[in-house]
Amino acid sequence: MDLMNLAPGNSPQARSGVTFFRAKDELRAALAEARDAGRSIGLVPTMGSLHGGHLSLLRAARAECDVVVMSLFVNPAQFGPGEDLDRYPRDEDRDARLAAEAGVTFVYAPPVEEVYPEGFSTRVEVEGLTEVFCGDPARRGPGHFRGVATVVAKLFNTVGPDIAYFGQKDAQQVAAIRRMARDLDFPVRIEALPTVREPDGLAMSSRNACLGPEDRKRAVALSRALRAAERGARADSLGAGIEAARHELEAAGIEPEYLEARDAEDLAPVAELNGRPVLVAVAARVGGARLIDNVLIRP
Ligand code: AMP
C-alpha cells in the first residue's frame, strides 16, 4: 500500500513493527490511552531521511520513555522561497524500518493539510534569538524559525510529550525551542543531544546526500574549522580561534555565510570566553548543499 496516499482519518497502519498515524486525532487517542495507563511519552521531531543523528535521539528516547513518538514531516513553513523543499530527500519506507529498529512506538507522518488546514493563520515567533545566525534576514531569515517554532508548538500540543529530544547540531533551534517552551508554559523537558558525526568529522545531515564526491571531501573543513576555533579559543583568545577557523575554511575554498561566536543560551554576541557556554557556529554552501555545524565551548 502506498502510505503517502493514506488520507487523514484512515485507520492507523502497522508498518515494520511501528504504528503509523496520518491523523492527529487518532494519534491523540492512542496517546491518551498510554498516558492514562501511566506511561511516559517521548517525542522526537524529524523531517525524515533518517541518519545516525536521528537514531541517537530515538535511542535516547527509547531508553528514557515508555512510549516513543517520532514525527515525520517535511515542514513547508520552515523553507523559504527558493530553498530546497522540493528537493528535500524523502524515503518513508526506509524511515519506517529504521524507526522500528530504534524502538519507536508511533510514527506521526501527517499530510500538509493535517498540519496546516485551510485558513491556518497563527504563527509562533521567538523574538531576538531567531534573528541572528541562520535567522539573519540576509540568510534564511526569521521566517525559518517561525516555521520551526509553530510546527514544534503544534507537535507539543498534539503529542503532549514528557520529554522532547533535539540535536545540538541545530543549536539555534534548540535555543529557540527551549525559550518557546519556557515562555509558553509547555510542560515538557527539552533534551539536547550531542552532534553525531561521520568518521571524518562531518556532522551527519540529510542534506549531505546532496554533496558530490569532491564537495563531500571539502565539507569536512567545517568540522575541522570548529575544532580549530575551540583550540584557539582555549589556548589564546576567541578571536584567534575564529581566525584559525576562517583559515581552515579558506584552505578548502569555502566562504562561510557566517562564522560567529555567541552565548549558547541567549545568542548574544561574546568577545571572549566568559565562564558561560559559548557557541561557535558556521553555515556555508558547499556545492549543492547549505551545511551548518557548531561547537559548544563549555567553561
Ligand atoms: P531534521 O530531520 O533535520 O529536522 O532533524 C531532526 C532532529 O535531528 C533535530 O533535532 C536535529 O537537530 C537532529 N539532528 C540532525 N542531525 C543531527 C546530528 N548529526 N546529530 C544529532 N542530532 C541531529
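Numbers below:
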| read-out | value |
| --- | --- |
| Matching entry among 94, 90 (being at pLDDT below 95 and either outside the structural domain of residue 290 (by TED's automatic domain parsing) or not in a helix (DSSP H, G or I) (or both)) | 90 |
| Residue within segment 177-189 that is of a type in the set (Gly, Ala, Ser) and in contact with a Phe, Trp or Tyr (Cβ under 7 Å, 6 or more places away or on another chain) present | no |
| Among the candidates 32, 61, 77, residue that is under 16 Å from residue 191 (Cβ atoms) and among the small types (Gly, Ala, Ser) | 61 |
| Single residue of 232, 253, 239 found to be free of Cβ contacts under 8 Å to residues at least 24 places away in the same chain and of a type outside the set (A, V, I, L, M) | 232 |
| Among the candidates 95, 66, residue that is within 16 Å of the ligand (Cβ to nearest atom), touching a residue at least 12 places away in the same chain (Cβ under 8 Å), acidic (Asp, Glu) and surrounded by 14 or more Cβ atoms within 10 Å (Cβ to Cβ) | 95 |
| Residue that is nearest to residue 20 (Cα to Cα), among those in segment 102-122 that are in contact (Cβ under 8 Å) with a residue 60 or more places away in the chain and acidic (Asp, Glu) | 114 |
| Looking only at segment 254-282, and only at residues there that are touching an Asp or Glu at 6+ places or on another chain (Cβ under 8 Å) and buried (at least 21 other Cβ atoms within 10 Å of the Cβ), the one that is farthest from residue 197 (Cα to Cα) | 278 |
| Which numbered condition residue 287 fails, given (1) open to solvent by 20 Å² or more (accessible area, probe 1.4 Å); (2) over 23 Å from the mean Cα position of the chain (by Cα) | (2) |
| Members of segment 30-61 that are in contact (Cβ under 8 Å) with a residue 24 or more places away in the chain, assigned to a helix (DSSP H, G or I) and away from the ligand (no atom under 15 Å from the Cβ) | 30, 31, 34, 35 |
| Residues (more than 14 Å from the ligand (Cβ to nearest atom) and farther than 18 Å from residue 186 by Cα) located in segment 138-168 | 138, 139, 141, 142, 143 |
| Filter pass, residue 83 being surrounded by fewer than 16 Cβ atoms within 10 Å (Cβ to Cβ), more than 12 Å from the ligand (Cβ to nearest atom) and not hydrophobic (A, V, I, L, M, F, W, C) | yes |
| Residues being part of a helix (DSSP H, G or I), within 13 Å of the ligand (Cβ to nearest atom), surrounded by fewer than 18 Cβ atoms within 10 Å (Cβ to Cβ) and more than 16 Å from the chain's Cα centre (by Cα) - total across segment 175-223 | 1 |
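The values are calculated or read from the model by the stated rules, or taken from the named source; none is laboratory data. Small disclaimer: the values here were computed from a predicted structure and weren't measured. Here the Cβ is made from the backbone with ideal geometry for all residues, glycine too, and neighbour counts use every protein chain on show. These area figures cover heavy atoms from the full protein model, side chains too; ligands, DNA and RNA do not enter into them. Shrake-Rupley method; radii C 1.70, N 1.55, O 1.52, S 1.80 Å.
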